[in-house]
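Right, one structure below, let's go through it.
The values are calculated or read from the model by the stated rules, or taken from the named source; none is laboratory data. Since the model is a prediction, treat every value here as computed from it, not as a measurement. As a convention, Cβ positions derive from the backbone with ideal geometry for all residues, glycine included, and neighbour counts pool all protein chains shown. Please note that ligands, DNA and RNA were not included when accessible areas were found on the heavy atoms of the full protein model with its side chains. Shrake-Rupley method; radii C 1.70, N 1.55, O 1.52, S 1.80 Å.
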Amino acid sequence: MVSTQAKLKYLKRREEELATMEDLLTQGNFPEAASMLHKVKGSASTFGFDLLGTIAAGLEEECLNSKKTSSAEALHLFASYRDNILGAIQDLE
């Protein structure tokens, strides 16, 4: 089992990435955003954040289909991603 301290540290790292992620999505740099999200998708469940992993996977998929995705759509999904991270931090603190 992962300690609460380790979970909080993991989420704080994701929180630090939020501004970068938002910038990438706003600029339409979907390949770089997808790369960041892929890492979160793979690691979130290790820390018990299955919903975060699911949201990251969905946003990653949108980024990989960037020809069909607009920045507005990606930012809408990003809001759910951000809210999940910030809510989980609040729950642990």
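Quick notes on this one:
- Evaluated against (1) touching a Gly at 6+ places or on another chain (Cβ under 7 Å); (2) assigned to a helix (DSSP H, G or I), M36 falls short on exactly one condition, (1).
- Residues of the stretch 31-41 that are touching a helix residue (DSSP H, G or I) at 6+ places or on another chain (Cβ under 6 Å) and either open to solvent by 60 Å² or more (accessible area, probe 1.4 Å) or at pLDDT below 90 (or both): E32, H38, K41.
- Restricting the stretch 61-93 to residues that are among the hydroxyl-bearing types (S, T, Y) and farther than 24 Å from A6 by Cα, the residue that is modelled with the lowest pLDDT is T69.
Every residue, every condition in (1) within 20 Å of L8 (Cα to Cα); (2) open to solvent by less than 50 Å² (accessible area, probe 1.4 Å); (3) not hydroxyl-bearing (S, T, Y), yes or no:
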residue: S43; (1), (2), (3): yes, yes, no
residue: F49; (1), (2), (3): yes, yes, yes
residue: L52; (1), (2), (3): yes, yes, yes
residue: I55; (1), (2), (3): yes, yes, yes
residue: E60; (1), (2), (3): no, yes, yes
residue: C63; (1), (2), (3): no, yes, yes
residue: H76; (1), (2), (3): no, no, yes
residue: S80; (1), (2), (3): yes, no, no
residue: N84; (1), (2), (3): yes, yes, yes
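- Restricting the stretch 1-14 to residues that are part of a helix (DSSP H, G or I) and open to solvent by 70 Å² or more (accessible area, probe 1.4 Å) leaves a set whose member that is nearest to L86 (Cα to Cα) is K12.
- Looking across the stretch 1-26, the residues that are under 11 Å from L75 (Cα atoms) and in contact with a helix residue (DSSP H, G or I) (Cβ under 8 Å, 6 or more places away or on another chain) come down to M21, E22, L24, L25, T26.
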